[in-house]
Amino acid sequence: MEIHKFTDILGKVAESDIYEGRMVMLTRGTDRVRLPHSTADAALARYVIAWPVENRLLPIYDPYPTFSRALRMGFDQTANTPFSATAYTFYPNLSDSPLEIPSGTGCLLYDEGEFTVTSGNWVYDVGVVEGAELEVVPTAGATRGQLQLLANGTAVAICTKMTLVGQTLQFRTYGD
């Protein structure tokens, strides 16, 4: 995902596994975000989710092994390993293809702004051209939270550029 411009940013926690670049909504009374489950939820899904900026040294383990009374960041004893974690040899927020943000992981939410997402974060339609309004897919499945051409929902973004060669969509969100 590429961020061109934004006006507001929030730090929250993913309620479930969510791919970077999807549209999400805030959950009431918590610091968590989730994908929409209905058409009414899709109208409230106005935030683009992204990996947080990392300050840790590589490699990055998610989740990171933490044990009480452990030395060397949890790697001091054989009883602490093996552990189940995803090891990143690059910063996840710098990936070209959308990576899944695991449940319970901190994330960034971008409000009104302009973004570019790659294939897998939007539903292709021949009607998606510059100036076309976009809505969020509310249905369960692999496309939930993706942007698609406005059919009968609420417009949350407008297409500013679509490239078939790289299969990228550039859009501007309307914000809150």
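Return the Cα extents of the chain along principal axes one, two and three, sorted largest first, each rounded to a whole Å.
Largest to smallest, the principal-axis extents are 58, 39, 30 Å.
Using just the Cα positions, wrap segment 77-176 in a convex hull and report its mean projected area in square nanometres, one decimal place. List each step's numbers first, then the result.
Numbers: hull surface 35.2 nm².
With the hull built on Cα positions only, its mean projection is 8.8 nm².
Each reported figure results from applying straightforward, stated rules to the coordinates on display, with no laboratory input. Everything numeric here is computed off the predicted structure, so don't read it as measured data.
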